[in-house]
Amino acid sequence: MPYLSVGKICGYTDRTGECNLKHAPLDDKTNYTNWSNNYYIFYLQDGTAIIVYNVTDTKVYTYVDINGVKGPNLDGRDVFRFTFRHAVEGRIFPYCLTYGQSREEMLTNVSVCGQDIIMRDGWQIKDDYPW
C-alpha cells in the first residue's frame, strides 16, 4: 500500500495482543465482541486499525478504528465503516450513503452510520449526534 504507512499486520488469524481487537455498538456499550477470522486486520504507524472484510469484485467493506486498541472502540464513536467501490471510479463511500439513507434515518443507527452523518455535516459532530 504505497500511501499508507503500515505498522503491524495481524491478517486473518493473529488474534493475540493488540490483534485481539474488540468493538461494541454505540447503543450497547457492554456488548463487546472480537473481530472474527473473517476480518483482515492491520495497523497504521499512528495506531489506527484497519479492518477489511467482505471483499468482492466490485466492493471492499472496511472498518476504521481511529485509535486502535485504545478505548472506547465503539461503532460510531471511534470505529467507522466505509465501502470502497471499484465500479465508481475507485472512490471510498461512507457505508450508509451507499444505500441512500436520509440523515434522520442514519441518526437512528449511529453505530452503523456515524461516519456518514459526520461527513454529511461537513466533518463536524453536531449537537444532535448521539454520543
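Rule-based calculations on the coordinates, nothing more; no lab input. Values in this document were obtained by computation on a predicted structure and should not be read as measured data. Cβ coordinates were reconstructed from backbone atoms using ideal geometry, including for glycine residues, and neighbour counts include every protein chain displayed.
Structure values in brief
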| read-out | value |
| --- | --- |
| Cα→Cβ-extended label distance, 7 Å offset, between Asn38 and Lys59, nm | 1.4 |
| Whole-number percent relative contact order across the chain, with pairs defined as alpha carbons under 8 Å at least 6 apart | 18 |
| Per the chain, cysteines lacking a partner by the 4.7 Å Cβ criterion | none |
| Over the chain, volume per residue of the alpha carbon convex hull, in Å³ | 120 |
| Global size of segment 1-57 as Cα Rg and Dmax, reported in angstrom | 12.4, 37 |
| Computed helical MRE - 222 nm, the chain, DSSP H runs ≥ 4 contributing -39500 (n - 2.57), nearest 500 | -3500 deg cm²/dmol |
| Spin-label model distance (nm) - Asp121 vs Tyr12, 7 Å beyond Cα toward Cβ | 3.8 |
| Per residue, the convex hull volume that the Cα atoms of segment 24-93 enclose (Å³) | 95 |
